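The values are calculated or read from the model by the stated rules, or taken from the named source; none is laboratory data. Predicted model only: the values in this text are computed from it and were never measured. Cβ placement follows ideal geometry from the backbone for every residue including glycine, while neighbour counts extend to all protein chains displayed.
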Amino acid sequence: MPGPQYYFAGPQTASPAPIAVLGRGPQSAPEPLQVLTTLDEVRAASRRAVASAQRLLSIYSLDLEPKLYEHGPFLDTVQRFLLSHSFAKIRLLTQRPVPYTSQHKLAAMRRRLSGHIEIRTVAAEFAARTSGMLIADSRAIVYRAQVTSWEGVAGFEQPPIARLYQQEFDEMWLASVPKY
């Protein structure tokens, strides 16, 4: 009887290691990018991205855009994400300061779920940036080149693209450390 087959050592076998053995889980094929042109399309894409998240949402916005981020179904999806994943985190990066006592519904959610939502104002070196983005787990992205327009793109199961923008977001996030 032959011994166990190991996937991490030894000569190359004819069949590749099962993805589950490598610990990455099943990989979905990337979907084509979606072109967004209306507020409703951006809302739907944002809800879908949040619903697909398991761990981290990163949002860059001018001022938490109430038309987009105060919409009831979006807030319900965000709340479900935060309450159903114990280590879920949302990082919001805005150009305009958001006071702790702000009436914005995401800011109010931050007060209730303080360990899960953090809001920072972008550092001066990135203040000229005019785009907006929502990144879910470095796998899905909703991106608009101009926050004054609803035109943009959405990519689901697009890890290379989402990781690129996640790195950009992380750079801005780290440079925007709050000064206490």
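Residues considered: Ala128, Ala162. Of these, the only one that is at pLDDT below 95, assigned to a helix (DSSP H, G or I) and not charged (D, E, K, R) is Ala162.
Could you grab me the full set of residues in segment 131-159 that are crowded, with 20+ Cβ neighbours inside 10 Å, in a loop (DSSP other than H, G, I, E, B) and not basic (Lys, Arg)?
Taking segment 131-159 first, the residues crowded, with 20+ Cβ neighbours inside 10 Å are 132-136, 138-144, 152, 154-156, 158.
Narrowing further to those that are in a loop (DSSP other than H, G, I, E, B): 138-139, 156, 158.
Matches in segment 131-159: Ser138, Phe156, Gln158.
Among the numbered criteria (1) modelled with pLDDT under 90; (2) more than 16 Å from Ala140 (Cβ to Cβ); (3) exposed (fewer than 15 other Cβ atoms within 10 Å of the Cβ); (4) of a type outside the set (Asp, Glu), which one does Pro73 miss? (1) is the only condition that Pro73 fails.
Just checking, does segment 102-117 include any residue being modelled with pLDDT of 90 or more and not in a strand (DSSP E or B)? Before the answer, list the steps.
At the first step, the residues of segment 102-117 found to be modelled with pLDDT of 90 or more are none.
No: zero hits.
So that you can scan it fast, the table gives a plain yes or no per residue for (1) among the aromatic types (Phe, Trp, Tyr); (2) under 16 Å from the mean Cα position of the chain (by Cα); (3) farther than 21 Å from Arg139 by Cβ:
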{"position": "Arg43", "(1), (2), (3)": "no, yes, no"}
{"position": "Ser46", "(1), (2), (3)": "no, yes, no"}
{"position": "Pro66", "(1), (2), (3)": "no, no, yes"}
{"position": "Gln79", "(1), (2), (3)": "no, yes, no"}
{"position": "Leu82", "(1), (2), (3)": "no, yes, no"}
{"position": "Ser86", "(1), (2), (3)": "no, no, no"}
{"position": "Ile90", "(1), (2), (3)": "no, yes, no"}
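Pairs are defined by a Cβ separation below 8 Å, a sequence spacing of at least 6 or placement on different chains, a first member in segment 61-77 that is on the phi > 0 side of the Ramachandran plot, and a second member that is surrounded by 17 or more Cβ atoms within 10 Å (Cβ to Cβ) and assigned to a helix (DSSP H, G or I); the pairs so defined are Leu64/Leu106; Leu64/Ala107.
Across segment 40-70, the number of residues qualifying as buried (at least 19 other Cβ atoms within 10 Å of the Cβ) and not charged (D, E, K, R) comes to 14. When Leu64, Leu93 are checked against the criterion of being of a type outside the set (Phe, Trp, Tyr) and either at pLDDT 85 or above or in a helix (DSSP H, G or I) (or both), a single residue qualifies: Leu93. Screening Thr37 against (1) surrounded by 12 or more Cβ atoms within 10 Å (Cβ to Cβ); (2) touching a strand residue (DSSP E or B) at 6+ places or on another chain (Cβ under 9 Å); (3) modelled with pLDDT of 90 or more leaves a single unmet condition, (1).
Considering only residues that are of a type outside the set (Lys, Arg) and surrounded by fewer than 20 Cβ atoms within 10 Å (Cβ to Cβ), which ones fall in segment 117-130? First the steps, then the outcome.
The first filter runs over segment 117-130 and keeps only residues of a type outside the set (Lys, Arg), leaving 117-119, 121-128, 130.
The answer is Glu118, Thr121, Ala123, Ala124, Glu125, Phe126, Ala127, Ala128, Thr130.
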